[in-house]
Amino acid sequence: MRTPSPRPTRASLRSRLSIVLSASLLASLFAFGATAATPAPAAALTATWHDVELYYLELLNCTRTGGWVRKDGTCKGYGSGTYSAYRRPLKLSAGISDVARRWARKIATEGACRHGDPGRRLRRAGFDGSTWGENIGCYDLRSAYKSVLASHRAFQKEKRTHGGHWKNIKNKRFRYVGIGVWKANGHTRLVVDFYRP
């Protein structure tokens, strides 16, 4: 036979309620403190200049596939192999873009224009392939779109001299690209990380 549980008194109900409220208040204070101290996740970095990054992907793949980016940002001969040898368009990698974007944010904030160690940054993010390259654009125009266009047109002009930026754009070994754009303190930085697994 089951023994009935004793009926709670008013005092015991108040005591239980105060314990629950105290625990609830403590949990919410802890959660607030943890949220305030936690750095912004990678996803938070994608919002600001993501449209400019997608725009740059179009410029990049125009030139890569043998087209030519004009002064107004339009592509002449996309996929035609007319202006240079056709290379397969690069696929945008969200993970590599996170790496590129973090570096773009750092150098834009500092007003710097440097590579640092892209291979190390990629490896630390889990991209262990040995075939990679990086282009950096440092034009400080009023519009982020105009800044990345100016950078790309400068890379594209290296076709005549076979400069390093041009070689990265046309390297047939690369399959993926990460693109990071950041604007801070009047500085716009474009970081393009090319990669093959």
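Does the range 116-137 hold any residues that are of a type in the set (A, V, I, L, M, F, W, C) and open to solvent by 70 Å² or more (accessible area, probe 1.4 Å), and which are they? Let's see the steps before the verdict.
At the first step, the residues of the range 116-137 found to be of a type in the set (A, V, I, L, M, F, W, C) are 122, 125, 127, 132, 136.
Hit for the range 116-137 is TRP132, nothing else.
Conditions: (1) touching a Ser or Thr at 6+ places or on another chain (Cβ under 9 Å); (2) over 20 Å from HIS165 (Cα atoms). SER84 meets all but one. Number of the miss?
(2)
Name the pairs: first residue in the range 153-172 and over 17 Å from GLU58 (Cα atoms), second residue small (Gly, Ala, Ser) and assigned to a helix (DSSP H, G or I), Cβ to Cβ under 9 Å, at least 6 apart or on different chains?
GLU158/GLY164
What are the residues in the range 50-73 that are open to solvent by less than 60 Å² (accessible area, probe 1.4 Å) and in a loop (DSSP other than H, G, I, E, B), if any?
THR65, GLY66, GLY67, GLY73, listed by residue number.
Among LEU57, LEU122, which is the only one that is under 21 Å from the mean Cα position of the chain (by Cα) and within 25 Å of ARG153 (Cβ to Cβ)?
LEU57
How about the range 138-197: which of its residues are charged (D, E, K, R), open to solvent by less than 80 Å² (accessible area, probe 1.4 Å) and closer than 19 Å to SER84 by Cα?
The answer is ARG153, GLU158, LYS159, LYS170.
The values are calculated or read from the model by the stated rules, or taken from the named source; none is laboratory data. Here the structure is a predicted model, which means the values were calculated and not measured. Glycine gets a Cβ as well: all are built from the backbone with ideal geometry, and neighbour counts include every protein chain shown. Surface accessibility is based on the protein's heavy atoms, side chains included, excluding ligands, DNA and RNA. Shrake-Rupley method; radii C 1.70, N 1.55, O 1.52, S 1.80 Å.
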